[in-house]
1. Quick one: pull the percentage of alpha-carbon pairs in the chain with a separation above 15 Å.
2. How charged is the neighbourhood of residue 9? Take every other residue with its Cβ under 14 Å from the Cβ of residue 9, and add Lys/Arg as +1 and Asp/Glu as -1.
3. List the residues whose amide H sits under 5 Å from the amide H of residue 68, counting only those 5 or more places along or on another chain, with H placed 1.01 Å from N in the peptide plane.
4. Please report the net charge: other residues with Cβ closer than 14 Å to the Cβ of residue 45, K and R +1, D and E -1.
5. Starting from the amide H of residue 58, placed 1.01 Å from N in the peptide plane, find each other amide H under 5 Å away whose residue is 5 or more places distant or on another chain.
6. Using modelled backbone amide H atoms (1.01 Å from N, in-plane), which distant-in-sequence or interchain residues come within less than 5 Å of residue 41's amide H?
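Readers should treat all values here as calculations from the given coordinates under stated rules, not as data from a laboratory. If you're wondering where the values come from, they're calculated on a predicted model, not measured in any experiment. Neighbour counts run over all protein chains shown; Cβ positions are idealised from the backbone, glycine included.
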Amino acid sequence: MTTLTLIGKDGCHLCDVARGVIEHVLADLPEAIADTVTVDEKSIHDDPALHAAWWEKIPVILIDGEPHAHWRVNPDRLRTAVLESTDARTRGALR
């Protein structure tokens, strides 16, 4: 499984845009790949550590816990990263 984490807060316009980009990218992936991706949303208001780390950069997208993007999410770059992540996991499972 690949996990995309969206770190943001309520009322954040860019967070809403990032959510839409994630949804659009996942909807365009083949179902077999999209089914291996989970999306987890976290608010900087609910976690002091997230707030301290990311408050200036929301929305933040993490892929498997690693920073991918902040402020603006490029759909093509996100699609490529998700495909690379799922491909790497598939190769690892075959070993």
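1. Tail of P(r) above 15 Å: 58 percent of Cα pairs.
2. Numbers: positive: 19, 42, 57; negative: 10, 16, 41, 46, 47, 56.
Net of charged neighbours comes to -3.
3. Correct list: 61, 62, 63.
4. Within the 14 Å Cβ shell, the charges total -2.
5. Counting only residues 5 or more places away or on other chains, the set is empty.
6. 6
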